[in-house]
1. Along its three principal axes, how long is the stretch 122-206 when you only count alpha carbons? Whole Å, largest extent first please.
2. Going toward the positive end of the dipole of the chain, with +1 on Lys and Arg Cβ and -1 on Asp and Glu Cβ, which of Q171, G48, Q181 do you reach last?
3. Taking 7 Å along the Cα-to-C-beta vector as the label spot, tell me the S196-Q136 distance in nanometres, rounded to one decimal.
4. With springs only between Cα atoms under 10 Å apart, run a GNM on the chain and tell me which of E176, E51, E112 wobbles the most.
5. Any idea how far apart E160 and E43 come out in nm if each label point goes 7 Å out from Cα toward Cβ?
6. Rounded to the nearest 20 debye, what is the charge dipole size of the chain about its Cα centre when +1 sits on each Lys and Arg Cβ and -1 on each Asp and Glu Cβ?
7. With N set to the number of residues, divide the alpha-carbon radius of gyration of the chain by 2.2 N^0.38 Å and report two decimals.
8. Run the helix sum for the chain: -39,500 (n - 2.57) per DSSP H stretch of 4+ residues, divided by residue count, reported at 222 nm to the nearest 500 deg cm²/dmol.
Amino acid sequence: MRTALPLCLLLAVGLPVAADPFDAAVAAFRQGDAGRAAVLFKELAEAGDAEAQFNLALIYAEGAGLPQNPREALYWAWRAKLGGVAMAEDLSVRLEGGIPPEVRDALAARLETVLAPRVAAGEASAMFGLARVLLQLRSQPDPKRAYEWLAIAAALGLPEALAARDAALAQVPEKERFAVQDGALGAFADWCRSASKPAVACAAAG
């Protein structure tokens, strides 16, 4: 596990200067060059490195190396969270407290755009992440759409989607649940038609 900048932005573990860009970013921060660290972390974050995304979120949250910006901090915290960085869960909760509803919705839309190509490629984990955005980040949670994506992710074999799917359905009024489940079949058929890499089961989609 690579070193993460703690919330106070003091590194707990020293790392030598290395050719690896992540290690170089950590070393730059330790040496007092937060601006260089921010540049390196951002390059890695934009390339999809979840641990770099978490560190970039911390940099934006504290304003070291880049001007403090809670919007960008929350965006990168969510990218890290969707990438599986456990510490990003607490950071995103801490940051969400001061974010206005319209900003939360704009960030949710931004994350949905990032996830869209992976969803189209059939990545069940991206569908799971999209459902989390719909349920946890949007100012008005959307359990119906979340259920659709969780149902598809579960059908594609993602184990963690099973319980999440059922929990999302439980948030839908009971009288609407059958319609929502029918909607998930329709959503699956729609996804199959537009997917860049349709699943084998798409042959059975009506």
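1. 32, 25, 21
2. Among Q171, G48, Q181, the one farthest towards the positive end of the dipole of the chain is Q181.
3. Result: 2.5 nm between the two label points.
4. Highest fluctuation among the options: E176.
5. Between E160 and E43, the label points sit 3.0 nm apart.
6. Charge dipole of the chain: 180 debye, to the nearest 20.
7. Computed over Cα atoms of the chain, the ratio equals 1.14.
8. One gets -20000 deg cm²/dmol as the mean residue ellipticity at 222 nm.
The values are calculated or read from the model by the stated rules, or taken from the named source; none is laboratory data. These numbers come from a predicted model, not from an experiment. All Cβ positions, glycine included, derive from the backbone under ideal geometry; neighbour counts span all protein chains shown. Each accessible area value is taken on the protein alone, full model and side chains, heavy atoms only, with ligands, DNA and RNA left out. Shrake-Rupley method; radii C 1.70, N 1.55, O 1.52, S 1.80 Å.
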